[in-house]
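S.K.: The structure follows.
The values are calculated or read from the model by the stated rules, or taken from the named source; none is laboratory data. Model, not experiment: these values are computed from the prediction. Ligands, DNA and RNA are excluded from the accessible area calculation, which covers all protein heavy atoms including side chains. Shrake-Rupley method; radii C 1.70, N 1.55, O 1.52, S 1.80 Å.
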Amino acid sequence: MSIAYISHYACTRHEMGAHHPEQPARLGAINDRLIASGLEMVLHHYDAPQAEREQLLRVHDPEYVDRVFEASPAEGLAWLDGDTAMNPHTLEAALHAAGAAVLAVDLVMEGKAKQAFCAVRPPGHHAERARAMGFCFFNNVAVGAAHALEKYGLERVAIVDFDVHHGNGTEDIFKDDERVLFCSTFQHPFYPNSGHDTGAPNIVNVPLPSRADGATFRQGVLEHWMPAIDAFRPQLVMISAGFDAHIEDDMAHLKLHEFDYSWVTRRLCEMADKHAEGRVVSTLEGGYNLSALARSVAVHIKAFMGDHHH
Ligand SMILES: [Zn+2]
């Protein structure tokens with residue numbers, strides 16, 4: 001069964017200023033690496049559609065969606081948050097980024113792909129029900145999860161988030177929604193300074209101290225994520241795949257390597273094989289060192305194919 005790779009040209013036209021780390025070159029670096037590694041040839045490529053308004057409204061307030069549309073500038077940058085701005089192409093990119101998750105869910109649910117990776121930006125996991133922040137506008141992974149729940153009538157979707165930053169937006173949207181299990185590892189204390197004191201039963205947060213390495217990360221995953229996912233028996237596993245916990249990424253201070261991403265991806269695929277007919281949907285979040293990002297995405301996708309391939 002095939003692996004879907006979903007992206008869109010519009011995602012390279014969203015830009016927040018010349019020195020902003022969440023830059024168009026991230027997608028180019030990933031694409032180049034996939035071509036160089038030979039992986040690109042085995043993936044099934046899809047253009048991301050734009051998410052429809054009704055799909056966004058499953059996880060965002062209508063007034064907020066209107067606000068993002070109205071903020072879209074004809075020229076220059078419109079800042080929605082201290083580090084989050086729209087250029088004239090951002091709205092289109094954000095709609096395709098969320099739409100990628102919707103298509104990814106359709107492909108794995110309809111059996112056209114076993115796993116799907118969405119190479120999109122802007123990222124989504126900081127976007128709350130009614131707030132843009134941390135480079136995010138619409139919560140892509142949440143839009144995909146809500147689509148799986150509503151369109152396919154799933155009762156249990158697991159979302160795991162190994163970005164170095166806590167997925168506060170995803171938590172905000174699904175907190176106390178028993179149809180969704182949200183598992184997150186993140187550096188703490190650190191931006192956005194949430195997640196360490198969440199009391200909701202469907203949220204499994206694993207804060208990691210500054211300078212934590214792959215061994216600490218894996219221990220957190222094995223002790224906290226895996227038992228929770230196994231007990232939850234998800235019908236679909238979704239991943240907020242941020243690669244900014246990589247040791248070479250200056251955005252934060254964790255010390256993960258490519259093989260840690262490969263390892264966690266395998267563990268999640270095993271859970272998906274056990275409970276979800278193998279269905280995995282992964283969407284890009286952070287990752288700002290271009291080389292480390294590209295290498296990490298490559299091993300992440302390669303791990304979908306199984307242990308013997310790396
Ligand atoms: Zn991040």
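S.K.: For region 132-271, calculate the relative contact order in percent as a whole number, restricting contacts to Cα pairs under 8 Å that are 6 or more residues apart. Let's see the in-between values first.
M.R.: Values: 229 pairs, mean separation 36.5, N = 140.
Averaging sequence separation for qualifying contacts and normalising by length gives 26 percent for region 132-271.
S.K.: Output the relative contact order of the chain, whole-number percent, from Cα pairs under 8 angstrom with separation of 6+ residues.
M.R.: Details: 730 pairs, mean separation 59.1, N = 310.
The value is 19 percent.
S.K.: Could you look at region 1-71 and say what percent of its accessible area is carbon and sulfur, using a 1.4 Å probe and all protein chains? Intermediate values should be presented prior to the final figure.
M.R.: Working: 1910 of 3790 Å².
Carbon and sulfur: 50 percent of the exposed surface of region 1-71.
S.K.: Over the chain, with the other protein chains present, what is the accessible area per residue in square angstrom, probe 1.4 angstrom?
M.R.: On the way: 11600 Å² over 310 residues.
Heavy-atom SASA per residue in the chain reads 37 Å².
S.K.: Here's a follow-up. Would you grab the residues whose amide H sits under 5 Å from the one on Cys183? Only those 5+ places off in sequence or on another chain, please, with H modelled 1.01 Å from N.
M.R.: Ile159, Val160, Asp161, Val204
S.K.: Here's something else I'd like to know. Per 10 Å bin, what is the whole-percent P(r) computed from every C-alpha pair distance within region 82-205?
M.R.: Pair shares across the bins are 14, 44, 34, 9, 0.
S.K.: Based solely on its DSSP helices, what 222 nm [θ] is calculated for the chain when runs of n ≥ 4 H residues each add -39,500 (n - 2.57) and the sum is averaged over all residues, nearest 500 deg cm²/dmol?
M.R.: On the way: 10 runs with 112 residues, N = 310.
After summing the helix terms and dividing by residue count, I get -11000 deg cm²/dmol.
S.K.: Can you compute 3J(HN,Hα) from phi for each residue in region 44-57, using the Karplus curve 6.51 cos²θ - 1.76 cosθ + 1.60 with θ = phi - 60°, rounded to whole Hz and x for Gly and Pro?
M.R.: The phi angles translate into 9, 8, 9, 7, 6, x, 7, 5, 7, 3, 4, 6, 5, 5 Hz.
S.K.: Report the number of Lys pairs in the chain whose alpha-carbons are under 23 Å apart, with separation of 8 or more residues or on distinct chains.
M.R.: So the count works out to 10.
S.K.: Please report, to two decimal places, log10 I(q)/I(0) for region 201-310 at q = 0.11, 0.15, 0.22 Å⁻¹ as given by the Debye formula with identical point scatterers on the Cα atoms and no solvent.
M.R.: -0.33, -0.63, -1.32
S.K.: In whole Å, what is the distance between the alpha-carbon centres of region 214-260 and region 96-170?
M.R.: Value for the Cα centre distance between the two parts: 17 Å.
S.K.: Enumerate the whole-percent occupancy of each 20 Å bin, from 0 to the last occupied one, for all C-alpha pair distances of the chain.
M.R.: Going out from 0 Å in 20 Å bins, the chain shows 38, 60, 2 percent.
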